[in-house]
Amino acid sequence: MTKSRQRRLFNKRKKRWPSYRGYRCKIKNESIKKIDANTITPERFFTEFVAKRRPCIISGLAAAHDFGILSECVGSVEKWCAVLKKCAGKARIRVEKRKQNGRGFGRGSDKNQLKLNTLLDHLQDAAHNNRDADYYLTTQPLAEDEEGRPEICGEPCTSLFLRTPKSPPLIPTLLSTLIPANINVWMGCGFFQKKKNERNSSGLHHDFHDNLLLLLSGRKLFRCWDPTITSIAKPTGGQPLRIYANGRIVYKATPSVLADGRDSVSAKAQTISSRLDHTDDEDELERLLDAALDTENAHRDQSFDTKSDPANFATIPRAHSPKDSNVYPDLRHLPSLASFVLKPGDALYLPCGWWHEVTSFNGFHAAWNYWFHPPTTSSFSRPYDSPFWQADWNLRCQGDNSILSSFLVDD
């Protein structure tokens, strides 16, 4: 494709989802920006990448910043497995089982319960015999704290926080002003086979949160497109109701979600609850209680079937043995990032709304990721235009039964 045609396509895409104000790929196979973790400051990182909604690779992050036991396990499958077996080996975890058709992982279906020790033995055996594993560790069901909020993480993250002498940070220094929504371990075993690379693929999808993914072992091949391809990707959730300026995509099933991931109904309920705690006027109390009841009913009306496929996966066809740039024929002429491989010790920052497919290979692969509530301002010190998430984080840290409060006390 000529540069003039690429330029015309780029200008045409400006008219598609103009509400999105973040970074857009300008040409096909555009190189992703790489930065050195030793030379970037949190303020500069926020200004150049987070505020601009631009993906990047952070080289050497695990060595340059203290990630506790994670930094020590980079590149050593044996040490990583030994740490997990010692602190959480008997914990029961939910794993995704490979489907009989050989398709990849990622949609949260075909879940099985296993002890972590069993999974680790299965993955190590698969790696030793140079075969793809049948199980993959993804996101976990989350317990609720005393206020009914889902915890930040499940096993084995919980045990890594509470039962290892060198705990990972709850909030990494590089993104110190963002508020985590969820923390996960991803783990499997796969070998790159050109004709069967879909077997270890996550499928094309986007996340609802900003992602910092730190690779501990193995390799991950990424293909990425910016949020403006959303309509062409034909999401499982249907055409979006809106795409916010920061890339947060909203579907019909959750119409009240705001740009930073707040549910407008929940935010209103929190405001009402706070005012109830600070008033003694009977008329005001009655009015607020009525408002709280209306809010609860509104939230119930917006409920949806959580057992259905996630809304954030593409339904466009994937070529089985494609050239690298044409893995998704429907996207073949659109600007994109060039495919890239993440290596152990490096990290990927990927803003919410960016479409990506991940293929894991090179045997036993493990990664640690933070999902952050997406920021809505360009201010490093105040990344959210609402105090909601900071207030929620403070409450989590004060709860008697919260993992966060336990971790902070132990720390």
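All of the numbers you see were taken from the coordinates with simple rules; none came from a lab. What you see is a predicted model, and the numbers here were worked out from it, not measured in a lab. Please note: Cβ atoms are built from the backbone with ideal geometry, for glycine as well, and neighbour counts cover all protein chains shown.
By the scheme Lys and Arg +1, Asp and Glu -1, what is the net charge of all other residues having a beta-carbon under 11 Å from that of residue 60?
Values: positive: 34, 343; negative: 36, 346.
So the environment of residue 60 carries a net charge of 0.
Give me the number: length gained by fully extending residue 146 to residue 239, i.e. 0.36 nm times residue separation minus the C-alpha to C-alpha distance, one decimal in nm.
Taking 0.36 nm per residue and subtracting the Cα distance, the gain is 29.8 nm.
Short version: ³J(HN,Hα) in whole Hz for each residue of region 148-159, in order, from phi by Karplus 6.51 cos²θ - 1.76 cosθ + 1.60 (θ = phi - 60°), x for Gly and Pro, what are they?
Per residue, the Karplus-derived 3J(HN,Hα) values read x, 7, x, 5, 6, 8, x, 6, x, 4, 3, 5 Hz.
Say the cut-off is 24 Å between C-alpha atoms; which of 34/166; 86/115; 85/166; 33/234; 97/166; 97/252 go over it?
On the way: 34/166 28 Å; 86/115 13 Å; 85/166 16 Å; 33/234 28 Å; 97/166 31 Å; 97/252 29 Å.
The pairs that break the limit, which is 24 Å between Cα atoms, are 34/166; 33/234; 97/166; 97/252.
Quick one: putting +1 on the C-beta of Lys and Arg, -1 on the C-beta of Asp and Glu, what dipole do you get for region 217-259 around its Cα centre, in Debye to the nearest 20?
Values: 7 positive and 1 negative charges, 33 e Å.
Value, rounded to 20: 160 debye.
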